[in-house]
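For reference, the structure is listed below as structure tokens.
The values are calculated or read from the model by the stated rules, or taken from the named source; none is laboratory data. As the structure is a prediction and not an experimental result, all values here were calculated from the model. Glycine also receives a Cβ, built like all others from the backbone with ideal geometry; neighbour counts cover every protein chain displayed. Just so you know, the surface numbers come from the protein's heavy atoms only, side chains and all, with ligands and any DNA or RNA stripped out. Shrake-Rupley method; radii C 1.70, N 1.55, O 1.52, S 1.80 Å.
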Number of protein chains: 2
Amino acid sequence: MSEPSTKRQKVTYDLIYWPGIPGRGEHIRLALEASGTPYNDIANDDKDGIKAVQALIDPNSTTDDAGNPPAFAPPALRVPGAGRDGKPLLITQTPNILFYLGDKIGMVPEGDEAGKWHANAIVLTALDLNNETHDTHHPVAVMKYYEDQKEESLKKATDFRENRIPKFLGYFERVLKGNTKGDGKYFVGDKITYADTTVWQVLDGLFFAFPKEMEARKKEFPVTLQTFYSSIKEEKGIKEYLSSGKRLPYSQGIFRRYPELDRQ
Amino acid sequence: MSEPSTKRQKVTYDLIYWPGIPGRGEHIRLALEASGTPYNDIANDDKDGIKAVQALIDPNSTTDDAGNPPAFAPPALRVPGAGRDGKPLLITQTPNILFYLGDKIGMVPEGDEAGKWHANAIVLTALDLNNETHDTHHPVAVMKYYEDQKEESLKKATDFRENRIPKFLGYFERVLKGNTKGDGKYFVGDKITYADTTVWQVLDGLFFAFPKEMEARKKEFPVTLQTFYSSIKEEKGIKEYLSSGKRLPYSQGIFRRYPELDRQ
């Protein structure tokens, strides 16, 4: 299982993701911040950092210098010394990065091998909700503008608010209630894990994108939207991060506020 | 790393998934079949098996008898004795199940810790493509009929064929080319892994759903659509399975053949 104290000091992780937006990189940032793990946010820390993102998505790359296969899309995590022949390991796909980090930074349920797989299922479900949120403003074509698919977006967002949001929130509510150790504050066990940070980020994004819908759902899903959502903000590491300049505002990424798509 | 020979004999896995369709369960079946791992396909093996699927998605469940949290959706994998206090472990979410099994059934790259994370990224990317394929016939509402969203489906499928399919195939092509050990037949290393079975299943579904589009792309992505796609069919375990009655036909699941959505 996890050995956070020993491994934490050995390596500084590089997060490679678009600068200026929370996006999918935020799930990784929150896990790192909650565990007090040092990392470089390459493209936000340094103006030249964008080059690392561009190299990552080079459409002609078949492998990098260290023998890692190409990325389909950001984010990526670079781990010095953890790759083949002591070269850097490059890991892509958000849930893959989170799963890799979980054990190493102590963000999985402690001493609970089963709980580790449960936490990962919750993470994957939250990331599915993340993707579905993106589709509300891009239902027919990822590369086109929202303005070119407004009519379809209204249909998609209506279905999302009326059917998908309650389905996901109902699931989260049941998991929180079923975890009697967690007191409504944690998804698995009695301490924060990357399941908590990942679900929290999606809820936070939904509160930004669909404020009226989420406010109206608070009474229906009180454990998720009141107890859990509030308490994670107060966690060590998270609280400091959220009030720091490092926390990036939502803008034109996954979570967008188009009032016409919210509950009327 | 993986210890297939010792662990394989210890446990018979239960796959809990809808009967009669390949669906997301097929990714798990292929990994199990390719490695010669015994398993029960609960709802296909036995008429009463559907009850296990229904119990899984009971909207009132907060935990099962063994203390596992509820599932958001099928598939689930039940592992006797691997849960808390020696009870069954229930794992949900397709990539989570595959990642759990990978090590245990010898479907990860052998003796290559970095390759394990690379394989998992490829699996997650293939499953993203799987989800996007589903959205071509359900772009605005999952619970409504295709017939109620035909106009939007045509837009979505056009974008999918013109932009998304080549983007994903281009990525697969580059990974296959970059893995010099694989000879175009394997994504990571020189033996079959669950990255190969997962990508193969999505390609096979796309050949069913969009036959004209995929045929037209063969020349552009020859390693993926010719070398790789053909050779995986001949792998031990896979070959026998594909010609057996156990392999279920595509119908009204993720991969559907609507000629109007294919290349004209």
Condition broken by B:Leu77, with the remaining ones in (1) surrounded by 15 or more Cβ atoms within 10 Å (Cβ to Cβ); (2) more than 11 Å from chain A (Cβ to nearest Cβ); (3) not in a loop (DSSP other than H, G, I, E, B) satisfied: (2)
Filtered residues of segment A:241-264 (kept if out of contact with any Ser or Thr (no Cβ under 7 Å at 6 or more places or on another chain), assigned to a helix (DSSP H, G or I) and in contact (Cβ under 8 Å) with a residue 24 or more places away in the chain): A:Tyr241, A:Glu260
Only listed residue being within 30 Å of B:His118 (Cα to Cα), in the same structural domain as A:Val223 (by TED's automatic domain parsing) and either more than 17 Å from the chain's Cα centre (by Cα) or small (Gly, Ala, Ser) (or both), chosen from A:Ala126, A:Ala157: A:Ala126
Within segment A:80-91, considering residues that are within 9 Å of another protein chain (Cβ to nearest Cβ) and in contact (Cβ under 8 Å) with a residue 24 or more places away in the chain, the one surrounded by the fewest Cβ atoms within 10 Å (Cβ to Cβ): A:Ala82
In segment B:48-92, the residues that are touching a Lys or Arg at 6+ places or on another chain (Cβ under 7 Å) and at positive phi: B:Gly67
Some residue of segment A:23-33 being within 15 Å of the chain's Cα centre (by Cα) and either over 23 Å from A:Thr133 (Cβ atoms) or part of a loop (DSSP other than H, G, I, E, B) (or both): yes
Any chance A:Gly106 is open to solvent by less than 40 Å² (accessible area, probe 1.4 Å) and at the interface with chain B (Cβ under 8 Å from one of its Cβ atoms): no
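Do you know which of the residues in segment A:92-103 that are more than 8 Å from chain B (Cβ to nearest Cβ) and surrounded by 24 or more Cβ atoms within 10 Å (Cβ to Cβ) is nearest to B:Lys116 (Cα to Cα)?
Ranking the qualifying residues of segment A:92-103, first place goes to A:Ile97.
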Residue list for segment B:224-264, restricted to those being of a type in the set (S, T, N, Q), open to solvent by 30 Å² or more (accessible area, probe 1.4 Å) and farther than 21 Å from B:Lys156 by Cβ: B:Gln226, B:Thr227, B:Ser230, B:Ser243, B:Ser244
Selection within segment A:87-108 - closer than 18 Å to A:Thr63 by Cα and under 13 Å from the mean Cα position of the chain (by Cα): A:Gln93
Every residue from segment A:224-240 that is of a type outside the set (Lys, Arg) and part of a loop (DSSP other than H, G, I, E, B): A:Glu234, A:Glu235, A:Gly237
Segment A:27-74: number of residues that are closer than 23 Å to A:Tyr194 by Cβ, more than 9 Å from chain B (Cβ to nearest Cβ) and either open to solvent by 20 Å² or more (accessible area, probe 1.4 Å) or not β-branched (Val, Ile, Thr) (or both): 19
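Where in segment A:112-223 are there helices (runs of 4 or more DSSP H), lying fully within it, with 1 or more residues that are away from every other protein chain (no Cβ under 13 Å), out of contact with any strand residue (DSSP E or B) (no Cβ under 8 Å at 6 or more places or on another chain) and open to solvent by less than 20 Å² (accessible area, probe 1.4 Å)?
A:113-137, A:194-209, A:211-217
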